[in-house]
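Read through the structure below, which is laid out as structure tokens, and then see the notes.
The values are calculated or read from the model by the stated rules, or taken from the named source; none is laboratory data. Note that this is a predicted model, so its numbers are computed, not measured. All Cβ positions, glycine included, derive from the backbone under ideal geometry; neighbour counts span all protein chains shown.
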Amino acid sequence: MTNLPIPLQVLYAGLAGTVLALIVATIQNNWSVRVFFLLALRLAIGWQFLFEGLYKVNSHLEGPTATNRPFTSEPYFRGAPGPVAAYMRKQFDDPLAIISAQAKPTKDITGEAFGKLSTAEQAAACPEPVAKQLDEMASQATEAVKAEAVKDILAADAAEAKALKDAKTDADKDKAKAKAETDRQAAKKKEETATEIAKERIAAAKAAYARWVYGAEGRPTKVKYITGDVMLSAPQRLAHLEWLRREVKAADERQAANLGNGHGTDQKRAAEYRTDLLVGESDLAKDARDFVAELKKELNGGKAVDEPASKTRGQLMDKVTMWFLVAVGTCLMAGLFTRLACLLGAGFLVMTYLTYPPFPWYPLAPNTEGNPLFVNKNVIECLALLALAVMPTGQWMGLDALVGRIFRRKRSAAAA
């Protein structure tokens with residue numbers, strides 16, 4: 001809570017007011033223990049929903065820093081094995097589409113043979129979507145070369161001034177002037193041929209990407225159970241993904257034949273392979289995008305290129321989720337449209353459960369406490385909300401009582 005832009009005094013005052021309202025509502029209902037605990041349950045769940053939503057909203061308001069990462073559900077869905085997980089993953093970028101377009105070789109050639117090709121031949125083999133993005137960097141690359149030429153001229157002037165100051169003889173001065181003039185002429189020629197140099201750099205960038213795609217060079221890669229990075233090429237990573245697909249298929253076939261199910265061995269193994277496959281596909285797609293971004297940055301003179309702000313449905317879904325949690329939590333705390341808020345909250349928890357169900361043949365969700373089997377905290381909280389939905393807790397304490405009175409008066413007036 002201290003990470004939220006809300007003074008602690010306000011939080012404490014709100015908590016104290018909530019407790020006081022709970023006591024008053026209990027007194028008004030003849031000190032009913034049932035009323036007290038049902039209201040306390042509603043307030044506790046509402047508090048959790050509200051501040052979970054506020055925390056996610058604040059992470060976006062604060063932006064990415066050394067200690068803050070804006071909320072996104074993509075990592076959670078990335079390895080989720082549940083029935084709705086595949087659909088949720090599709091709301092973000094499709095890793096298989098990215099892999100197919102940017103990380104799969106289109107020619108049958110070994111990495112060793114590809115590495116012996118000329119730069120132009122390698123550049124011609126760069127995947128078309130990547131080549132198009134790099135070609136679009138022509139103007140930025142040209143400007144970067146011109147900026148380098150200007151810096152070279154300034155550096156030559158500064159070096160000449162220092163050399164003249166340190167020179168002890170006329171010969172040393174003449175030598176310093178000659179070297180500076182040579183450097184200036186080289187810089188001017190560089191500026192004049194900036195377009196051609198930019199084209200050469202783009203071709204080199206295409207070739208560098210193609211060498212990774214065709215297995216001639218590797219890139220630092222995170223590998224499970226290995227500390228540090230491992231240099232792997234795209235074909236090596238694709239081969240590993242294909243091996244994982246075969247293992248998942250074989251494990252599923254053994255389960256279908258009821259082999260190895262005595263202790264759930266194959267179920268757990270298949271779940272692990274399936275999770276590794278999903279994570280591996282997402283990581284490969286991400287690394288392909290990052291490689292392109294790195295090459296574009298180099299062409300732009302070391303400055304990151306601002307990509308067009310195109311949001312996926314998953315990102316929009318994240319924004320809706322944040323404010324949904326805030327809205328449901330606020331309604332539960334205030335006792336406004338309480339039954340509807342309970343049903344909406346229960347529906348959200350059902351979707352969360354179906355994304356990462358605690359089935360014995362599935363891996364547990366990240367940061368899971370304990371060892372749930374079929375029933376986890378989402379199920380318990382969902383049942384609690386459904387129980388609250390059939391009780392008039394908003395009438396006992398909340399704005400539902402006020403709304404109810406207003407509508408009853410209007411109906412009475414209309415009847416009269």
Quiz item: Since Phe71 meets every condition but one in (1) of a type outside the set (Val, Ile, Thr); (2) crowded, with 19+ Cβ neighbours inside 10 Å; (3) in contact with a His (Cβ under 7 Å, 6 or more places away or on another chain), which condition does it not meet?
Solution: (2)
Quiz item: Just to be sure, is Thr321 within 21 Å of Arg78 (Cα to Cα), out of contact with any Pro (no Cβ under 7 Å at 6 or more places or on another chain) and at pLDDT 85 or above?
Solution: yes
Self-check item: Whichever residue in the range 88-117 is crowded, with 18+ Cβ neighbours inside 10 Å and of a type in the set (Gly, Ala, Ser) and, among such residues, is farthest from Gly215 (Cα to Cα)
Solution: Ala103
Quiz item: Is it fair to say Thr227 is outside any helix (DSSP H, G or I) and of a type outside the set (D, E, K, R)?
Solution: yes
Quiz item: Are any residues in the range 192-244 more than 30 Å from Arg274 (Cα to Cα) and small (Gly, Ala, Ser), and if so, which ones?
Solution: Ala194, Ala198, Ala203, Ala204, Ala205, Ala207, Ala208
Practice problem: Identify the residue in the range 222-274 that is at pLDDT below 80 and of a type in the set (Lys, Arg) and, among all such residues, is surrounded by the fewest Cβ atoms within 10 Å (Cβ to Cβ). | Solution: Lys224
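Please report, ordered by residue number, the helices (runs of 4 or more DSSP H) entirely within the range 90-207 with at least 1 residues that are farther than 30 Å from Thr72 by Cα.
Result: 111-115, 119-124, 128-135, 138-166, 170-192.
Among the listed residues Glu74, Glu52, Glu112, which satisfies the condition of being among the acidic types (Asp, Glu), more than 30 Å from Cys126 (Cα to Cα) and either modelled with pLDDT of 85 or more or out of contact with any strand residue (DSSP E or B) (no Cβ under 7 Å at 6 or more places or on another chain) (or both)?
Glu52
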Quiz item: Looking at (1) in contact with a helix residue (DSSP H, G or I) (Cβ under 9 Å, 6 or more places away or on another chain); (2) assigned by TED's automatic domain parsing to the domain that holds Glu242, which is the only condition Arg69 fails?
Solution: (2)
Quiz item: Would it be correct to say that Glu52 is farther than 27 Å from Tyr209 by Cα, surrounded by 13 or more Cβ atoms within 10 Å (Cβ to Cβ) and out of contact with any Leu (no Cβ under 8 Å at 6 or more places or on another chain)?
Solution: no
Practice problem: Mind listing whichever residues of the range 36-75 are outside any helix (DSSP H, G or I) and of a type in the set (D, E, K, R)? | Solution: Arg69
Quiz item: Which residues, taken from the range 76-89, are under 15 Å from Arg274 (Cα atoms) and in a helix (DSSP H, G or I)?
Solution: Tyr76, Phe77, Arg78, Ala85, Ala86, Arg89
Quiz item: Here are some residues: Lys175, Lys132, Lys165. Which one is under 30 Å from Ala216 (Cβ atoms) and free of Cβ contacts under 8 Å to residues at least 24 places away in the same chain?
Solution: Lys132
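Can you tell me which of Gly17, Gly82 is over 17 Å from the mean Cα position of the chain (by Cα), surrounded by 12 or more Cβ atoms within 10 Å (Cβ to Cβ) and either among the small types (Gly, Ala, Ser) or modelled with pLDDT under 80 (or both)?
Details: Gly17 fails: surrounded by 12 or more Cβ atoms within 10 Å (Cβ to Cβ).
After applying the criteria, what remains is Gly82.
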Practice problem: Would you be able to say whether some residue in the range 366-379 is modelled with pLDDT of 85 or more, in contact with a helix residue (DSSP H, G or I) (Cβ under 9 Å, 6 or more places away or on another chain) and among the acidic types (Asp, Glu)? | Solution: no
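Can you pull out every residue in the range 59-107 that is closer than 30 Å to Leu117 by Cβ and touching a Ser or Thr at 6+ places or on another chain (Cβ under 8 Å)? Even if it seems obvious, please write down each step before you answer.
So in the range 59-107, the residues closer than 30 Å to Leu117 by Cβ come out as 95-107.
The one that is closer than 30 Å to Leu117 by Cβ and touching a Ser or Thr at 6+ places or on another chain (Cβ under 8 Å): Pro95.
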